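Inspection log for the structure reproduced underneath, given as structure tokens.
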Amino acid sequence: QKLKNINDRSKKKKFMKHVPLLIMMGQLFRVMSYDRAANERNAIPGLKFLGHPLKWHRLDDGVMGGRSETHHSVEESSQSGSSMLHFSGQINTTGGGFCSIRARIAGGMPLDTTALRIKHIGDGKTYKLLLSDGTKSTSGPSRRSPSWQADIPTSKTGVDETSEISLDSLTPSIIGGPITTDSKLDPTQVQEIGFMLSLKLSNGQLNPVDTFGSGIFPFSLRILSIEPVGADGKSLSNFDSENTEDLK
């Protein structure tokens, strides 16, 4: 019996040595099987920006071997009767910790855009707004140019909220962390918009458990509208984005 116990402990010890390798192999398999191109092909139309429909695709931590799952759909608002974008899913902080949806913006934003006004219904979590020129790496969400980010706190009340986010308040980020740069966001160069729930805030600090979650948990953010705003606080939604070249 004593010899058997020794052999069992020896087998267990050998197995535990291989656990990190097995975990790494599992992550590698998930990276290899994550079909980012299919996600982009299967983008769904939802909301309009500058009069043009946006088509949203998901990008979650599966691209880096994580296990979180993003779901998004278009729903009808029971109050206004208009459509809204529902960004939802399940975060799994084992080996990852983010979900996002992205959409291309054809032609960029008006040169005189100073802020974005977003109407939404949240769940008490802190989300992030993402703006970028749309360039991306082939292996993940890291970029050759920054993704400009801002936090979007939400309440648990279930009522409509409005967040007006100044472009000057956006933080440049690469590979999930803030960077220092002398460049400023040029609204005419913005080719992609997105929303994210992440274990990190836009300043690189951890998103607190109270406004993020822990372990495996669901989330839900309904986006009712997105519109660019000028320095006078008025909406620029009637601007024709196809003519931005004339303003550059």
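The values are calculated or read from the model by the stated rules, or taken from the named source; none is laboratory data. The structure displayed is predicted, hence computed values, not measured ones. A quick note on method: Cβ atoms are made from the backbone with ideal geometry, for glycine too, and the neighbour counts reach across all protein chains shown.
When you scan the stretch 99-184 for strands (runs of 3 or more DSSP E) that lie fully inside it, which ones turn up with 3 or more residues that are at pLDDT below 95? Talk me through it step by step, then tell me what you get.
Numbers: elements: 115-121, 126-132, 147-153, 161-166, 171-174.
Ranges flagged: 171-174.
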Notebook entry, point to check: THR94 fails exactly one of the following numbered conditions: (1) at pLDDT below 95; (2) crowded, with 19+ Cβ neighbours inside 10 Å; (3) of a type in the set (Val, Ile, Thr). What is the number of that condition?
Noted result: (2)
Next item on the list: Please specify each residue of the stretch 86-117 satisfying the condition of being of a type in the set (Val, Ile, Thr), within 15 Å of the chain's Cα centre (by Cα) and within 18 Å of TRP56 (Cβ to Cβ).
Entry: ILE101
Notebook entry, point to check: GLN191 passes all but one of (1) within 21 Å of ARG58 (Cα to Cα); (2) free of Cβ contacts under 8 Å to residues at least 40 places away in the same chain; (3) touching a Gly at 6+ places or on another chain (Cβ under 6 Å); which number fails?
Noted result: (2)
Checklist line | Residue list for the stretch 52-95, restricted to those being part of a strand (DSSP E or B) and β-branched (Val, Ile, Thr) | finding: THR70, VAL74, ILE91
Notebook entry, point to check: Can you pull out the residues in the stretch 55-75 that are within 13 Å of GLY194 (Cβ to Cβ) and within 14 Å of the chain's Cα centre (by Cα)?
Noted result: TRP56, HIS57, ARG58, LEU59, ASP60, THR70, HIS72
